[in-house]
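The values are calculated or read from the model by the stated rules, or taken from the named source; none is laboratory data. Everything quoted here is computed from the prediction, not taken from an experiment. Counting neighbours? That spans all protein chains shown, and the Cβs are built from the backbone with ideal geometry, glycine included.
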Amino acid sequence: MFKLLLFIWPKAELTRREFSEYYERDHAPLGARLTGGATDYRRNYPQWDERCKSNSEPFGVMTEVWHEERAQFEAQIAARMSVPAKTILDNDEAKFMNRERKCSVVVDERCVSFPDRSELATVNKLVRFAFADDDAPPNALRQTHEARVQNARRDLAPCVVHYACNYPRYDDPFTSSAELFGSRVAVVEEVWVSEGDGQGDLVQAFPSTASGRTFTVRVRECRTPGGRLVAPLASDLRGVDRLRE
């Protein structure tokens, strides 16, 4: 499976709500119609708390795109760059996003699922970013993380329904940048947790695999499987809009 992460920032004059509403109502369906081809297509909107001013928010959405193989991804890119799709999508992007700050990251994804927990209602999703030390090689943290993630099934909290970790591929030509929060990202972890867990449980939902500096944020996930838009996951979570570890 080939996976790409896109980090996108909104235009300065738009609120977070205006940005996400335009993306879901207009841009996501338009892109799916003009380029198609993706196995799965999801947008994750970080739920920053009100203390985080818009001009300091690290990104407005983390978009995830999956393809069965790299050739399918490259075919979608070719469709995106063809005429008239490129003109239409470029003009539409200019209406709601800061196109100068958009960055793409090709990643290797590793997942851990719990079929016996599939009956649990999954309403909360968290994303944790882990950063390597500035003087460390790009893959140093990945090597340590992969060795530890093998125990993730044992270490993950009972509230966890699904866990995924994404390792940026810095040598891939489609990786334009992997720097967020002022540092280069080494690992992007995602965890889906069941309804009704308190803040303490959510903070502990991730396995003890990250070392160094990390940043965790709750996200609102919207999905487009097979070109069909699905309503965002509901969330009753309170008081943990922005978590730091």
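Quick one: is Arg43 under 21 Å from Ser176 (Cα atoms), touching a residue at least 60 places away in the same chain (Cβ under 8 Å) and not aromatic (Phe, Trp, Tyr)?
yes
Which of (1) loosely packed, with under 14 Cβ neighbours inside 10 Å; (2) modelled with pLDDT under 90 is the odd one out, the single condition Ala32 does not satisfy?
(1)
Pick from Leu180, Leu202: which is at pLDDT 65 or above and surrounded by 18 or more Cβ atoms within 10 Å (Cβ to Cβ)? First the steps, then the outcome.
Numbers: Leu202 fails: at pLDDT 65 or above.
Exactly one of Leu180, Leu202 is at pLDDT 65 or above and surrounded by 18 or more Cβ atoms within 10 Å (Cβ to Cβ), namely Leu180.
Here are some residues: Ala164, Ala152. Which one is modelled with pLDDT of 70 or more and among the small types (Gly, Ala, Ser)? I'd like the intermediate steps shown before the answer.
On the way: Ala152 fails: modelled with pLDDT of 70 or more.
Within the list Ala164, Ala152, the selection yields Ala164.
Among the residues of the stretch 77-98 satisfying the criterion of being touching a strand residue (DSSP E or B) at 6+ places or on another chain (Cβ under 9 Å) and not in a strand (DSSP E or B), which is surrounded by the fewest Cβ atoms within 10 Å (Cβ to Cβ)? Spell out how you get there, then give the answer.
Step one: list which residues in the stretch 77-98 are touching a strand residue (DSSP E or B) at 6+ places or on another chain (Cβ under 9 Å), which gives 93, 96-98.
Keeping just the survivors that are not in a strand (DSSP E or B) gives 93, 96, 98.
Values: Glu93: 18, Phe96: 21, Asn98: 16.
Filtering the stretch 77-98 for residues that are touching a strand residue (DSSP E or B) at 6+ places or on another chain (Cβ under 9 Å) and not in a strand (DSSP E or B), the one surrounded by the fewest Cβ atoms within 10 Å (Cβ to Cβ) comes out as Asn98.
Which numbered condition trips up Arg43, out of (1) at pLDDT below 95; (2) within 30 Å of Val217 (Cα to Cα); (3) outside any helix (DSSP H, G or I)?
(1)
Taking the stated definitions as given, is Asn139 over 23 Å from Arg223 (Cβ atoms) and modelled with pLDDT under 70?
Working: over 23 Å from Arg223 (Cβ atoms): yes; modelled with pLDDT under 70: no.
No: the conditions fail for Asn139.
Restricting to the stretch 1-19, give me the number of residues that are in contact (Cβ under 8 Å) with a residue 60 or more places away in the chain and assigned to a helix (DSSP H, G or I).
Step one: list which residues in the stretch 1-19 are in contact (Cβ under 8 Å) with a residue 60 or more places away in the chain, which gives 1-12, 14, 18-19.
Pick out the ones that are also assigned to a helix (DSSP H, G or I) and you get 18-19.
The number of residues fulfilling the criteria is 2.
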